[in-house]
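Here is the structure we will look at, set down as structure tokens.
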Amino acid sequence: MSKKQKAKLIVDGRELELDVIVGSEGERAVDISKLRSETGYITLDQGYGNTGSCTSNITFINGEEGILRYRGYRIEDLCEHSTFTEVCYLLLRNRLPTLEQRETFSRLLNEHSLLHEDMRHLYNFFPRDAHPMNILGTMVNAMSSFYRNVDLLSMRDNIDLTAARLISKIRTTACYAYKKNIGEPIVYPRREQKYCENFLRMMFWSPVNGYELREDHVRALSVLLILHADHEQNCSTSTVRLVGSAHANLYASISAGISALWGPLHGGANQAVMDMLAKIQRQGGDIHKFINMAKDKSSSFRLSGFGHRVYKNYDPRAKIIKKICTKILEEEAAHQPLLDIALRLEEAVLKDDYFVSRKLYPNVDFYSGLVYTALGFPINMFTVLFAIGRMPGWIAHWKEMINDPKARIGRPRQIYTGVRERKYVPIKDRS
Ligand code: SDX
């Protein structure tokens, strides 16, 4: 990061010189950290579309060219050659592991894959049909009561242990929530199984039907989790950083991130896409009715799975998921009517000037639900899968922020537009 260039700002006839920060990929930012003290002015940027909250070494996105890299590695290469466990290691340690390091990390994850038995009873206090994202956020927050050393210093010294606990236990927590939801006995993790094998078995094995692992399903799940592992300062990651900036512990910060991810404009979109495709199917498959609704400004309806704050090109993750989707569904010979609808919808949108002029392309959520369905996951688990994938990214950002000597508590400013000062009126005189 260099600071050679300057930007000039003229405010109230006065010229102010501001540093320009240039990132390793040539991105530029005007450093306004002294703006208010020098001019009394602040900036206003609803939704932070033009505002950088930090510098970071973790993920690089070029939205115009559809580039995504984790710690410098192309998402396409990581999906082709790595496992999710390797990518967790990469995001947390800033390097790909050797074979021995990967095996050690994998064993650490499995050592911490069980939930404290007392935590199992917490599930009984949820209604059976509680949304698993609700359970996930609650259980992760509760972990700080079951796994101590959550003060900042201990957290900093034990970050790798806490990271392993969260990456491993989030998967167990999700599977327990699913089994509770369908009324089946929970399935414990096995030490000798790898991350995704354990995950699929804990989800779908039952004493009656057993469960036979399929290599293509294990691989598809690993790639899907890699694709969701990080995405720079998205809403949920920014939430984790903001909560962590107050020196709240990592469990509490991650729990806040899970809540943000649940929103249908963010991670909840993968569930919303499937609900939308199913609705189009129920209404006779008329995609144009839904496209017109999305273009109608008097309607609040939006096409879930399309558009992105950063990607003004095809989301590179959507490209990879679409390929997996087509391959898995062909093998399933499962004539997925929803895939037909999705393909027709994408084709029509990419030709429609309303979407083309606004650079609205399919995003990571558009095809992911179709693959999750083919793997056997129910719709209400889709955003949970997003959270499991995003866990290493959230932790890497929390770790980067908490170890940054320049980090401060996040506290944005505002411009007040309410009523001016009013004289207080005792209640007896109010009308
Ligand atoms: C994720 O940030 C990340 O990195 C997120 C994520 C990650 O990995 O963490 O990539 C994961 O959250 C992906 C996004 C999933 N959400 C959806 O698919 C929900 C549908 N998409 C939209 O709601 C919207 O595109 C957002 C929320 C994704 C982005 O919103 P922005 O950047 O605030 O865009 P905007 O609302 O300013 O829209 C610009 C224009 C508007 O029209 P005009 O005012 O210019 O006339 O585009 C229109 C919007 O109405 N628009 C859409 C649309 N998305 C934007 N119109 C119809 N359908 C849509 N999906």
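Data overview
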read-out	value
Accessible surface of the range 271-380 [probe 1.4 Å, protein heavy atoms]: carbon and sulfur percent	52 percent
Between helix 99-111 and the chain: long-axis angle, C-alpha atoms, 0 to 90°, nearest 10	80 degrees
The chain - Rg and Dmax from Cα coordinates, angstrom	23.5, 79
Extension gain (nm, one decimal) between Ser145 and Ile186, 0.36 nm per residue minus Cα-Cα	12.5 nm
Computed over the range 176-291, the ratio Rg/Rh where both radii use C-alpha atoms and Rh is Kirkwood	1.05
Helix axis angle, 235-245 relative to the chain longest principal axis, alpha carbon, degrees	70 degrees
Heavy-atom accessible area per residue - the chain, 1.4 Å, Å²	51 Å²
Net dipole in debye of the range 68-201 [+1 Lys, Arg Cβ; -1 Asp, Glu Cβ; about Cα centre; nearest 20]	100 debye
Reachable lysines, given that their alpha-carbon falls under 22 Å from the alpha-carbon of Lys8 and they are not under 8 places away in the same chain	Lys34
The chain - charge dipole about Cα centre, Lys and Arg +1 at Cβ, Asp and Glu -1, debye rounded to 20	1320 debye
Inter-label distance, nm, simple model (7 Å from Cα along the C-beta direction), Asp157/Thr55	3.0 nm
Residue-span extension gain [Arg93 to Leu350] - 0.36 nm each, minus C-alpha spacing	88.6 nm
Gain on full stretching of the segment that runs from Ile67 to His247 - 0.36 nm per residue minus C-alpha separation	61.5 nm
Efficiency of FRET from Cβ geometry, Glu331 and His288, R₀ 51 Å, rounded to 0.05	0.95
The range 73-213: Cα Rg divided by the 2.2 N^0.38 Å rule of thumb	1.12
11 Å beta-carbon shell around Pro97, net charge (K/R +1, D/E -1)	0
P(r) of the range 223-331 over all Cα-Cα pairs, binned every 10 Å from zero, in whole percent	12, 33, 33, 17, 4, 0
Which of Met293, Ala374, Ile341, positive extreme of dipole for the range 265-378 (C-beta unit charges)	Met293
Long-range tail of P(r) for the range 317-407 (Cα pairs > 21 Å, %)	47 percent
Distance violations [Cα-Cα > 32 Å] among Lys179/Lys279; Lys297/Lys399; Lys169/Lys322; Lys169/Lys319; Lys180/Lys359	Lys297/Lys399; Lys180/Lys359
Once the Cα gyration tensor of the range 53-152 is diagonalised, semi-axes √(5λ) in Å	32, 19, 15
Helix 195-204 axis, angle to the chain major axis (alpha carbon atoms, nearest 10°)	70 degrees
Accessible surface of Tyr73 - all protein chains present, 1.4 Å probe, nearest 10 Å²	90 Å²
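The values are calculated or read from the model by the stated rules, or taken from the named source; none is laboratory data. The structure presented is a predicted model; accordingly, all values stated were derived computationally and were not measured. Glycine also receives a Cβ, built like all others from the backbone with ideal geometry; neighbour counts cover every protein chain displayed. When the accessible area is computed, the model is the full protein with side chains, heavy atoms only, and any ligands, DNA or RNA have been set aside. Shrake-Rupley method; radii C 1.70, N 1.55, O 1.52, S 1.80 Å.
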